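Inspection log for the structure reproduced underneath, given as structure tokens.
The values are calculated or read from the model by the stated rules, or taken from the named source; none is laboratory data. If you're wondering where the values come from, they're calculated on a predicted model, not measured in any experiment. Using ideal geometry, Cβ is built from the backbone for each residue, glycine included, and neighbour counts are taken over all protein chains shown.
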Amino acid sequence: MIATQHRPLAEDLRLDFPILGQEVNGKPLVYLDNAATSQKPLAVLDALQNYYRRDNSNVHRGVHTLSARATDAYEGARDKVAAFINAASRQEIVFTRNATEAINLVAYAWGQANLKTGDEIILSVMEHHSNLIPWQLLAQRTGAVLKFVELTDTQEFDLDHYRSLISEKTKLVSVVHVSNTLGCINPVEEIVAIAHAHGARVLVDACQSAPHMPLNVQAMDCDWLVASGHKMCGPTGIGFLYGKLDLLRAMPPFLGGGEMIADVFFDHATYADLPHKFEAGTPAIAEAIALGAAVDYLNGIGMDKIHAYEEELTAYLFQRLAEIPELKIYGPQPKADGSGRASLAAFTAGEVHPHDLSTILDQAGVAIRAGHHCTQPLHRLLNAQSTARASLYFYNTRAEIDTFIASLKEAIAFFGGLFG
Amino acid sequence: MALENLRTLYQQVILEHYKKPRHRGKTDPVDRHQRGHNPSCGDTIDLTVKLNASGDRIEDVKFEGEGCAIAMASADLMADAMRGKSLTEALEMVQSFQNMMKGQAEFPRELRKLNVMQGVAQFPVRIKCATLTWHTLKAAIEQSSEPSAGFISNEASPEGVL
């Protein structure tokens with residue numbers, strides 16, 4: 001057993017999430033689908049509401065008071081995000097719709113201008129479709145070639161294989177920081193150092209790390225980093241791209257329109273300075289401000305504390321999962337203290353199909369994900385058509401893990417008689 | 001756990017067809033072949049159909065593929081029910097199944113075994129599991145005799161479920 005001396009983090013924080021107080025199918029909701037999207041605290045809901053009640057106005061346009069307030073709040077959110085990942089400059093943060101759009105931005109704006117036939121892009125086999133398809137499309141347009149880093153025996157990023165793939169032909173390495181399926185935490189600092197030694201740029205997909213651990217883009221030295229707001233207590237429709245200043249400066253615009261211009265003539269235009277060059281059109285103002293509120297909320301708890309508490313949850317989750325012999329869990333085992341992997345588990349349960357498991361758990365109020373989690377090539381490689389996945393956040397408790405495990409056992413028993 | 005709800009969905013007959021399907025495999029010969037899938041969840045079905053000499057009546061249906069209990073049992077039950085049916089009757093049955101998933105109708109006495117799938121209608125997110133095989137069969141019947149290489153998506157259909 002893991003000793004928990006202090007009052008668990010989640011106990012006080014759960015009250016900040018009204019959605020968690022409900023019953024589903026007559027049972028208290030146990031929300032374990034956080035890798036898909038997190039729930040939102042009152043502070044974020046209030047930020048959305050207050051913006052529309054008091055400050056709603058377009059940004060960077062008006063001279064009037066409301067427009068000034070909206071602009072201040074929107075740009076204030078940018079400052080918060082920049083500080084959250086320790087960016088050197090606020091100009092290095094571009095608001096996007098989500099991480100997917102941020103990756104597409106880089107693939108179009110940088111990729112199109114910098115890649116040619118025979119250049120190589122290194123990805124890993126565990127990439128989310130959002131960090132795969134944009135590069136497939138870019139490869140089709142430019143003639144660049146995709147290479148894939150494989151997995152080690154423990155189903156982690158194979159650094160040796162990565163070293164064998166990289167060469168002077170490599171122009172870009174784009175990798176996920178924390179896998180949404182395997183839960184492994186990839187050695188991004190080392191990946192970046194190796195890439196830079198070969199003159200390649202690196203994009204880090206931080207969707208599953210930004211919500212759960214402190215990030216420092218300067219220490220990481222990555223060239224770009226992307227994340228989605230909705231997985232880190234923020235609303236949907238807002239994410240961000242971090243890029244090194246000189247790199248973003250050199251990149252041509254992505255989308256054209258208002259907001260991203262300096263001077264416009266009928267036949268040409270000059271573009272706004274960073275970050276506005278990449279923010280064409282009226283942005284998701286309320287969502288950006290609410291993402292700022294989410295960052296404040298997370299900082300208020302402390303990303304170190306969140307990470308430490310989630311490691312405790314991970315240790316307990318895996319300890320309990322080990323009681324069920326039918327399970328096959330993907331990705332590395334956590335260390336005894338719960339470190340070494342994300343607080344999520346993708347698994348299969350013998351002959352009980354993940355969809356059936358998910359339906360049965362839903363009847364017990366337990367929300368898990370079933371499917372391929374947008375990592376279809378990885379599932380094919382793992383020889384699993386689909387998996388079930390429980391993914392935790394700081395508001396989850398040991399008691400919820402107990403409910404999940406009990407329901408999982410019941411579900412297996414429900415089907416088990418059949419296969420016994 | 002709301003066991004009654006689950007028993008409605010996972011009737012014993014469904015579980016038996018999932019566990020011991022009678023129609024897994026490939027017909028001989030293969031007169032029609034169609035693959036179908038639900039892209040968002042990854043379920044796939046690979047249907048083959050054997051027709052009579054005049055090509056207007058189903059002699060055999062077999063399936064391969066991967067999916068949940070609902071998808072696989074639905075395929076096995078469908079294959080059972082389709083034997084000896086004319087292509088017109090088969091298409092009518094596809095329509096009837098769709099109606100049943102909307103909670104609007106059930107099959108007549110001679111096809112009552114299919115009514116075990118009625119419980120799925122109460123689980124809207126699972127309807128596409130049950131309809132995958134029926135949607136795929138419809139495409140197999142409506143195609144020319146040229147076997148289709150690609151997948152037909154059960155999720156892209158205009159009706160949403162079938």
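For segment B:93-105, state whether one or more residues are within 14 Å of another protein chain (Cβ to nearest Cβ), without any contact (Cβ under 8 Å) to a residue 24 or more places away in the chain and either outside any helix (DSSP H, G or I) or surrounded by fewer than 18 Cβ atoms within 10 Å (Cβ to Cβ) (or both). No, there is no match, as no residue in segment B:93-105 is within 14 Å of another protein chain (Cβ to nearest Cβ), without any contact (Cβ under 8 Å) to a residue 24 or more places away in the chain and either outside any helix (DSSP H, G or I) or surrounded by fewer than 18 Cβ atoms within 10 Å (Cβ to Cβ) (or both). Checking segment A:337-350 against the condition returns a match, with at least one residue being within 14 Å of chain B (Cβ to nearest Cβ) and under 14 Å from A:Leu32 (Cα atoms). Residue count for segment B:1-39, restricted to those that are farther than 30 Å from A:Pro28 by Cβ and not in a helix (DSSP H, G or I): 20.
Identification of strands (runs of 3 or more DSSP E) wholly contained in segment A:217-324 with 1 or more residues that are in the same structural domain as A:Pro187 (by TED's automatic domain parsing) and either more than 28 Å from A:Gly111 (Cβ to Cβ) or modelled with pLDDT under 95 (or both) yields A:261-264, A:269-271.
Restrict the check to segment A:96-108 and report whether at least one residue is out of contact with any strand residue (DSSP E or B) (no Cβ under 7 Å at 6 or more places or on another chain), surrounded by fewer than 16 Cβ atoms within 10 Å (Cβ to Cβ) and assigned by TED's automatic domain parsing to the domain that holds A:Lys231. So that I can check it myself, show each step before the final result.
Of all residues in segment A:96-108, those out of contact with any strand residue (DSSP E or B) (no Cβ under 7 Å at 6 or more places or on another chain) come to A:100, A:104, A:107-108.
Of the ones still in play, those that are also surrounded by fewer than 16 Cβ atoms within 10 Å (Cβ to Cβ) are none.
Checked segment A:96-108: no residue is out of contact with any strand residue (DSSP E or B) (no Cβ under 7 Å at 6 or more places or on another chain), surrounded by fewer than 16 Cβ atoms within 10 Å (Cβ to Cβ) and assigned by TED's automatic domain parsing to the domain that holds A:Lys231.
Scanning segment A:361-380 for residues that are at the interface with chain B (Cβ under 10 Å from one of its Cβ atoms), part of a helix (DSSP H, G or I) and farther than 17 Å from B:Asp43 by Cβ yields a count of 3.
Applying the condition of being within 14 Å of another protein chain (Cβ to nearest Cβ) and in a loop (DSSP other than H, G, I, E, B) to segment A:381-416 and asking which residue is surrounded by the fewest Cβ atoms within 10 Å (Cβ to Cβ) yields A:Asn383.
The requirement of being over 13 Å from the mean Cα position of the chain (by Cα) and of a type in the set (Asp, Glu) is fulfilled nowhere in segment A:204-220; no residue meets it.
Residues of segment A:143-162 that are surrounded by fewer than 18 Cβ atoms within 10 Å (Cβ to Cβ) and either outside the structural domain of A:Ile133 (by TED's automatic domain parsing) or among the polar types (S, T, N, Q) (or both): A:Thr152, A:Thr154.
Across segment B:40-73, the qualifying residues are those that are in contact with a strand residue (DSSP E or B) (Cβ under 9 Å, 6 or more places away or on another chain) and assigned to a helix (DSSP H, G or I), and the one among them that is nearest to the other protein chains (Cβ to nearest Cβ) is B:Ala69.
Mind telling me which of the residues B:Lys19, B:Lys26 ends up being surrounded by fewer than 16 Cβ atoms within 10 Å (Cβ to Cβ) and within 10 Å of chain A (Cβ to nearest Cβ)?
The unique qualifying residue is B:Lys19.
One line per residue, one yes/no per condition, for (1) touching a Leu at 6+ places or on another chain (Cβ under 6 Å); (2) under 17 Å from A:Trp224 (Cβ atoms); (3) outside any helix (DSSP H, G or I); (4) among the β-branched types (Val, Ile, Thr):
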site	(1), (2), (3), (4)
A:Ser174	yes, yes, yes, no
A:Asn180	no, no, yes, no
A:His196	no, yes, no, no
A:Leu203	no, yes, yes, no
